[in-house]
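Contents: one structure, followed by commentary.
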Amino acid sequence: MDSTPVIALVDVRKIYPLLSGDVHALDGVSLSIAKGEFVAIMGPSGSGKSTLMNQIGCLDVPSSGTVKIDGQDISQLSDFDLTALRRDSIGYIFQKFNLIPLLTAFENVEYPLVLRDRKYDDTGRVQALLDSVGIDAALAAHRPAELSGGQQQRVAVARALVNEPSILLCDEPTGNLDSKTSTQIMEMLARLNREGRTVIMVTHDASTAEYADRTIMIQDGRIV
Amino acid sequence: MKKPDIILQLSVRSVRLNLLRSVLAALGIVIGVVAIASIGMISANMTLSVTEELSATANVLVVKPDSGGGGGGFGMGGGSSDEDDFLDPDQYNDIRKAAGSSYVYFLYSESDSIEAGSENGRSTIYAMDDEAMKDVLTLTEGSFPSTTSQVVVGPDFIERYDIEVGSKVTIGDEDDEEGESTVRVTGILEERGMSMDLSSDNAIIATEKFFTGRYDNEDEYTQVNVIVDDINDIDAVTESIDESLNRKDDEVQIQDSSRMLESISSTLGTLTSFAIGIAGISLLVAAVSIFNVMMMSVTERIREIGILRSIGTQKDEILRMFVYEAAIIGVVGAGIGAILSLLIGYVVVFGMVGTTEYFFAWDSIMNVPEGMIIGAVICVISGVYPAWRASNLDPIEALRAE
């Protein structure tokens, strides 16, 4: 494994000021994830795991402490650069799939590519990715609303991979799927990890956490 | 492959997905554009047609006695009972001298009650020198008067009283001090349109002898018209007459059609601004409805905006997406508005101005692109705030929305 971590958090705190008193969503989290790792983050709801995911996913910056993605300190980045980092270095897989309803499955996968390269896919890469997750061309012409949950999550996996991100970030990827489909998606993530991708997954399901190399438990904003 | 704009694609699809809503919003813009363009076209056509009619007599100066106060206006006649309210032969000769090679003729005018065909009414009666009559006027039918009991009349007069060449016209009333005189129509004048020198379309033109005999006002000219050879000399001739007659006292007023044109244009301009202001309100209403539609679109799509932002769509791309949406509604609305305003404008101009001769003139037709641009721009402006709101949403909050 590579010696420089893909993700490095040092004493990260996130405080939400409220009238009833500040909420310490993250209370001094330090964490290092190496390239090629499969890490599961577990914890009860309200433990701060979503906030942690938002930090790693560059959707939010910490109140104090440093978050480094690929060696870059995200608190130093502008909104524009953070957005570009999300586009190029991070692949998101959400619990609710979060495909763009106006676009077909194919276009959903193509979208981040178009954002980055300013041109439509002419290499066949989009369909190749869709094929690798089991969505054929006919199915790819459908809008998300016309696909089943499992199919939507497969499309979402293909979308997350299209810009060759260094990190795959999964937020309860099987939370809205039945057990059979869940297994298929988890097998897919495990396969991607074996191919060398760094996978970070938030879950509260112990059976899906078994796919991970390492499990991080978080409670009350601290790693336990 | 050509350079794609996936952001525009998203906007187009959003408009299509909410077609009814978008069409209704566009309808407001359609109505606004039609209103503004049509009113602009009516005004332009009126101005053009008045200008055209007046410029036919643009080389004519009208010299009238200066009655002291403002006075003037373009109504003729109205009785010259005032002692000072006429020009005498000396003044006429001075004008002739001052006007150089220009054609100068005098004109008497009175307003009197008349009876023609089976109808009673009032009409302006002009009289002029026999020779001037032949030089200045053109007949479409019949001949100029050869005796004092013969007159020529304007085309509108013929139509109004439903008479023809050879018909009798009774001027005056037996109870008047001038009594009644009966004359015969021998000719019909060519239509002259609106003009300030001699409004003959609805008038009777009699011989000088008949007129001075009836009204007992020989050598009391109502006005003197000066037809200038070269229109560029108009100012020089005006100055020359002014110098010659108004040196001591203000004896005469000299008017050319440009002043009348100015006053008509400014009146039309005021009316037009007012009407366009009202039409503008419809655009304001349209702007509010576009704003509302855009806000709805943003609110409905908060989650989608969150997704787009989280997977790497920049703020300005979100902004563009919603501005495009407003622009699509605006451009489509303005485009339909432009086509409709051509159709509706044509009908309305024909109805109100009476002619569509000038409809395709630049001054008239340019109201269509102008209205279109205003409509589209208003649409885009109403979309800016909702788009700005959308682009500044916090992606985490937006993703959490249901």
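Overview of values
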read-out: Residue that is nearest to the chain's Cα centre (by Cα), among those in region B:45-76 that are among the hydroxyl-bearing types (Ser, Thr, Tyr) and at pLDDT below 75; value: B:SER55
read-out: Count of region B:173-198 residues which are under 30 Å from B:ASP90 (Cβ atoms), surrounded by fewer than 22 Cβ atoms within 10 Å (Cβ to Cβ) and in contact with a Ser or Thr (Cβ under 7 Å, 6 or more places away or on another chain); value: 2
read-out: Counted residues, region A:116-161 - those being of a type in the set (Ser, Thr, Tyr) and surrounded by 15 or more Cβ atoms within 10 Å (Cβ to Cβ); value: 2
read-out: Lone unmet requirement of (1) within 11 Å of another protein chain (Cβ to nearest Cβ); (2) at negative phi; (3) at pLDDT 90 or above for A:PHE38; value: (1)
read-out: Residue tally, condition crowded, with 23+ Cβ neighbours inside 10 Å, of a type in the set (D, E, K, R) and within 11 Å of another protein chain (Cβ to nearest Cβ), over region B:305-326; value: 1
read-out: Condition broken by A:LEU18, with the remaining ones in (1) surrounded by 21 or more Cβ atoms within 10 Å (Cβ to Cβ); (2) among the aliphatic types (A, V, I, L, M); (3) away from chain B (no Cβ under 13 Å); (4) more than 19 Å from the chain's Cα centre (by Cα) satisfied; value: (1)
read-out: Check on B:ILE231, touching a residue at least 24 places away in the same chain (Cβ under 8 Å), loosely packed, with under 14 Cβ neighbours inside 10 Å and among the aliphatic types (A, V, I, L, M); value: yes
read-out: Some residue of region A:198-220 being part of a strand (DSSP E or B), touching an Asp or Glu at 6+ places or on another chain (Cβ under 6 Å) and either touching a residue at least 12 places away in the same chain (Cβ under 8 Å) or of a type in the set (A, V, I, L, M) (or both); value: yes
read-out: Residue under evaluation B:THR267, criteria (1) away from every other protein chain (no Cβ under 14 Å); (2) part of a helix (DSSP H, G or I); (3) surrounded by 17 or more Cβ atoms within 10 Å (Cβ to Cβ), criterion not met; value: (3)
read-out: Residue list for region B:228-264, filter: assigned to a helix (DSSP H, G or I) and of a type in the set (Lys, Arg); value: B:ARG259
read-out: Hits in region B:218-228 - residues which are in contact with a Phe, Trp or Tyr (Cβ under 7 Å, 6 or more places away or on another chain) and surrounded by fewer than 19 Cβ atoms within 10 Å (Cβ to Cβ); value: B:GLU220, B:ILE227
read-out: Enumeration of residues in region B:360-379 that are surrounded by 18 or more Cβ atoms within 10 Å (Cβ to Cβ) and touching a helix residue (DSSP H, G or I) at 6+ places or on another chain (Cβ under 6 Å); value: B:SER364, B:ASN367, B:VAL368, B:GLY371, B:MET372, B:GLY375, B:ALA376, B:ILE378, B:CYS379
read-out: Those strands (runs of 3 or more DSSP E) lying entirely in region B:168-210 with at least 1 residues under 20 Å from B:SER143 (Cα atoms) and in contact with a Pro (Cβ under 9 Å, 6 or more places away or on another chain); value: B:181-189, B:203-207
read-out: Qualifying residues in region A:73-87 (those that are out of contact with any Gly (no Cβ under 9 Å at 6 or more places or on another chain) and hydrophobic (A, V, I, L, M, F, W, C)) - the one farthest from B:GLN314 (Cα to Cα); value: A:ILE74
read-out: Flag if B:VAL347 is buried (at least 19 other Cβ atoms within 10 Å of the Cβ) and either in contact with a strand residue (DSSP E or B) (Cβ under 6 Å, 6 or more places away or on another chain) or more than 30 Å from A:GLN95 (Cα to Cα) (or both); value: no
read-out: First in region B:9-36 and of a type in the set (Ser, Thr, Tyr), second anywhere and crowded, with 17+ Cβ neighbours inside 10 Å and not in a helix (DSSP H, G or I), Cβ under 8 Å, 6 or more apart; value: B:SER14/A:LEU102; B:SER14/B:ARG301
read-out: Residue count, region A:159-218 (criterion: among the hydrophobic types (A, V, I, L, M, F, W, C) and on the phi > 0 side of the Ramachandran plot); value: 0
read-out: Hits in region A:13-48 - residues which are closer than 28 Å to A:ALA190 by Cα and not in a loop (DSSP other than H, G, I, E, B); value: A:VAL29, A:SER30, A:LEU31, A:SER32, A:ILE33, A:PHE38, A:VAL39, A:ALA40, A:ILE41, A:MET42
read-out: Given (1) over 30 Å from B:GLY193 (Cα atoms); (2) in contact (Cβ under 8 Å) with a residue 24 or more places away in the chain, number of the condition B:GLU304 does not satisfy; value: (2)
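Per-residue answers, yes or no, for (1) within 16 Å of A:GLY91 (Cβ to Cβ); (2) surrounded by fewer than 17 Cβ atoms within 10 Å (Cβ to Cβ); (3) among the small types (Gly, Ala, Ser):
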site: A:GLU164; (1), (2), (3): yes, yes, no
site: A:LEU169; (1), (2), (3): yes, no, no
site: A:ASN176; (1), (2), (3): no, yes, no
site: A:SER179; (1), (2), (3): no, yes, yes
site: A:LEU192; (1), (2), (3): yes, no, no
site: A:GLY196; (1), (2), (3): yes, yes, yes
site: A:MET201; (1), (2), (3): yes, no, no
site: A:HIS204; (1), (2), (3): no, yes, no
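The values are calculated or read from the model by the stated rules, or taken from the named source; none is laboratory data. Here the structure is a predicted model, which is why all the values come from computation and not from measurement. Cβ: placed from backbone, ideal geometry, glycine included. Neighbour counts: every protein chain shown.
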